[in-house]
1. Which members of segment 58-73 meet the condition of being small (Gly, Ala, Ser) and either without any contact (Cβ under 8 Å) to a residue 12 or more places away in the chain or on the phi < 0 side of the Ramachandran plot (or both)?
2. Among the residues of segment 1-51, what is the count of those that are assigned to a strand (DSSP E or B) and of a type in the set (S, T, N, Q)?
3. Could you tell me which residue of segment 185-212 is farthest from residue 129 (Cα to Cα), considering only residues that are small (Gly, Ala, Ser), at pLDDT 90 or above and surrounded by 14 or more Cβ atoms within 10 Å (Cβ to Cβ)?
4. Scan segment 52-63 for residues that are farther than 18 Å from residue 12 by Cα and of a type outside the set (Lys, Arg) and jot them down.
5. From 62, 79, 92, which residue is more than 20 Å from residue 188 (Cα to Cα), outside any helix (DSSP H, G or I) and within 16 Å of the chain's Cα centre (by Cα)?
6. Filter segment 31-44 down to residues that are at pLDDT 95 or above and out of contact with any helix residue (DSSP H, G or I) (no Cβ under 7 Å at 6 or more places or on another chain) and give me whichever is farthest from residue 104 (Cα to Cα).
Amino acid sequence: MTTVLLTGFEPFAADPTNPSGDAVRLVAGGWDGAAHLVTDVLPVTFAGAAARLDELIERHCPDIVISTGLAGGRDAVTPERVAINLQDARIPDNDGAQPVDLPCVPGGPAALFSSLPVKAIARDVSAGGIPARVSLSAGSYVCNHVFYVAAQGAASRPGTRAGFIHVPWDTAHAPEGQPAVPLADIAAALHVAIATTLATPHDLSAPAGSIH
């Protein structure tokens with residue numbers, strides 16, 4: 001049986017919640033798919049998140065790794081296409097660490113691509129009435145760090161695919177004026193992402209570029 005590892009993040013700083021972690025819990029609670037699903041909520045820390053992800057991959061040997069995190073300000077679910085080997089934290093993480101201009105993995109490639117079918121995921125999530133589009137930047141904070149670590153781990157394990165999906169605020173907890181999507185829709189989008197990845201060994205050949 002195919003094993004899928006799905007992760008989100010705990011709340012950050014003074015935020016009462018994090019829609020990525022909450023959506024992962026919803027997916028876990030209602031999972032009835034054919035794959036074996038492993039879920040976890042990671043700490044919002046550079047060292048802790050990477051170490052926890054490595055531990056989960058080593059323990060469960062997943063065939064697919066889908067990590068998720070909050071991108072406040074975005075109005076859509078955004079599968080990320082590329083991770084950069086850079087930690088450049090504009091603010092400290094939950095442990096107070098603030099790495100600046102450091103690599104995620106010393107000596108690693110400057111960038112690594114997602115091995116998930118990101119274009120197909122965006123298409124299928126959109127087809128379900130949930131806003132989605134491919135993103136070309138995961139930033140340089142903990143989300144990108146986890147994405148890079150997952151992508152590097154997948155590259156060293158033949159047959160493993162890994163990537164990252166950013167989600168917007170959920171409507172119940174979004175700060176005033178911020179775009180948001182219902183938490184149930186975010187969870188539904190993650191269900192779709194898993195199903196699409198399981199059914200799509202190679203991504204679409206279709207435009208999904210951006211000028212920003």
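1. Result: 67, 69, 71, 72.
2. The number of residues fulfilling the criteria is 3.
3. Here the residue is 195.
4. Selection gives 54, 55, 56, 57, 58, 60, 61, 62, 63.
5. After applying the criteria, what remains is 62.
6. Among residues in segment 31-44 that are at pLDDT 95 or above and out of contact with any helix residue (DSSP H, G or I) (no Cβ under 7 Å at 6 or more places or on another chain), the one farthest from residue 104 (Cα to Cα) is 31.
The values are calculated or read from the model by the stated rules, or taken from the named source; none is laboratory data. Bear in mind the structure is a predicted one, so any value in this text is a computation, not a measurement. Glycine gets a Cβ as well: all are built from the backbone with ideal geometry, and neighbour counts include every protein chain shown.
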